[in-house]
Amino acid sequence: MSKYFGTDGFRGEANIDLTVEHAYQIGRFIGWYYGQDHKCKVVIGKDTRRSGYMYEAALVAGLTASGADAYLLHVTTTPSVSYIARTEDFDCGIMISASHNPYYDNGIKLINGQGEKMEDAVIDRVEDYLDGNCDPIPYATRDAIGCSVDYSAGRNRYIGYLISLSHHSFKGVRVGLDCSNGSSFRMAKSIFDALGAKTYVIHNEPDGVNINRDCGSTHIASLQQFVRENHLDVGFAFDGDADRCLAVDENGNLVDGDLILYLYAKYLQKTNMLDGTKVVTTVMSNFGLYKALDTLGIGYEKTAVGDKYVYENMKANGHYIGGEQSGHIIFSRYATTGDGMMTAIMVMQVMLAEKLPLSQLVTDVTIYPQVLKNVKVTDKDGTLSDADVQAEVDAVTARLKGNGRILLRKSGTEPVLRVMVEAPTHQLCEENVDAVIAVMEKKGYLIQVK
C-alpha cells in the first residue's frame, strides 16, 4: 500500500491531507523524471472544485520549473485526459479531482503515456521525492524553462471521438443527464445534442463547492425523480470527474454498473463480438449478475475492488468489457479507463440496436439483497485466519446452498473487516452476517461494528 497514492491517486482534504506544496513537488518530480533526455510534455485537466485552480497552478509551476511544458485542458473529465495522453504526443497526464468525494477534498491522478494509471514503480519514486528521500532536482534555466499552453482543442477532440463511437442517431430519444455539478457539465449535453437526443440536464451549474452535493451517481434519487416527472426514456448520472455512470430506466429504476455489464456483454454475445472473452468484475459485484451470466454461458473474472485491478486483468487477458457496480465501466476496444459518457453512449447503442427500453434489457437479472457490515477488530489477519471464524464462513456457504454468497475482506487503511452476505432475502443476509460477527466477538477480536 502506497503512503500517499491509492488505487485512484493522491486524495484528501485540500491543504490538509493534500497540500499545494505536494502538488508543486509532484510537478517538479514529473517534469524532471520524464524530461531527462527530451522536452517533457504533460497534459493537465481538473474538475470544478474551487481548489482545483490552486493545484493546477502549483503543478504548472513545478513542471515548468523542471523544464516541462504543461498543456491545460482546463475543466474536463478524467477519461478525456487519458484519451489525450494516449493519442497525442504526451509523456503523461495529470487529472486534478477527488472523483465522487465532497468539494473540500481533492486529488491528483497520474496517468501514463498510454492513458493508463501510472505504474507503481513511478509512483514509488514520486513518493520518495515527497518524503525527501531523493537528491535535489535541478531547476531549469534560461530557454530550458517550460511554459504552459492552453489546450482546450484537445478537449474538443475528445468530444469528437465520443460522438464518433455511436452508430445510431439518438433522434427522438428523451434523455436525462445528471452532471453532478462536475466536469461533464458542458460536455454531456453537447455530445447528446450532437447525436440527436432531446436532452434534459440537471445539476450542471457548478460553483466550486456544489460538486456531488445531493446529485450525480452517488445520489441517484434526484435523477430517478427527474426521469419520472418528465416522462423521459432514460437517464444517466455521472460523478465529479465523469469516469463513472449509472443509468435510470424509463420507470425511474436504477440500472447500476452490474446491470450495465450484463446488458453490454449479452449484446456482444448476440452480435458475435464477445470472441470468447470474459466479463471482468470485482469481488463486490452482485451474485445475481453471476447467475445471469452463467445462464448465458458467458464467463467472468473477479478482481480486487478498484477499477485499476479491473483494467489490469482486462489488459493481461484481452477482455473487452469490465467494471464495477459503482459505474466504473471499461470498454477496452475504445478506452483504457472508466468513462461515464462513453458508458452512456454504449447503453444507448444497445437500446437502439435492440429497439427495447432499458428496463427490458435487464429483466433477466435478479439483483440479490446485500448486507455489508464493517467490523473493527484487534487483528485483521488473525481474525481472517482464525479456524472458528473460517468454520462459520463455511457454515454460511453451506446454508446458502449455492443461492447466495459470503465475502470477508480487509480494509486497506483501517483495522476493519468487511463482512458481506448476498442471499434471496434481506433477513437471510442479516442473520448470516451477524452469525459470523458473533464468532468474532466470542473469540475476542471484536472492537466495534460500524
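Here, each number is a calculation from the coordinates, and none is a lab measurement. Computed from a predicted structure; not experimentally measured. Neighbour counts run over all protein chains shown; Cβ positions are idealised from the backbone, glycine included.
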The range 165-361 - percent relative contact order, Cα under 8 Å, separation 6 or more: 20 percent
Answer label for Rg/Rh (Cα atoms, Kirkwood Rh) (calculated), chosen among (i) 0.99; (ii) 1.06; (iii) 0.96: (i)
The chain - mean residue ellipticity at 222 nm from DSSP helices (-39,500 (n - 2.57) per run, n ≥ 4, rounded to 500): -12000 deg cm²/dmol
Positive-end extreme of charge dipole, the chain - chosen from Asn15, Gly297, Tyr83 (charges on Cβ): Gly297
Dipole in debye (nearest 20) - the range 370-449, about Cα centre, beta carbon charges: Lys, Arg +1; Asp, Glu -1: 180 debye
Highest average packing first - 339-348, 224-233, Cβ atoms within 10 Å: 339-348, 224-233
Taking the range 40-164 and dividing mean pair separation by its residue count, relative contact order in percent (alpha carbons under 8 Å, at least six apart): 33 percent
Given Lys189/Lys291; Lys117/Lys410; Lys373/Lys401; Lys3/Lys380; Lys46/Lys410, the pairs whose alpha carbons are separated by over 25 Å: Lys189/Lys291; Lys46/Lys410
Antiparallel %, DSSP beta bridges [both residues in the chain], to 5: 55 percent
Ordering of 80-92, 177-189, 34-46 by burial proxy (mean other Cβ atoms within 10 Å per residue, highest first): 177-189, 80-92, 34-46
Simple Cβ-charge dipole of the range 165-361, Lys/Arg +1 and Asp/Glu -1, about Cα centre, in debye nearest 20: 500 debye
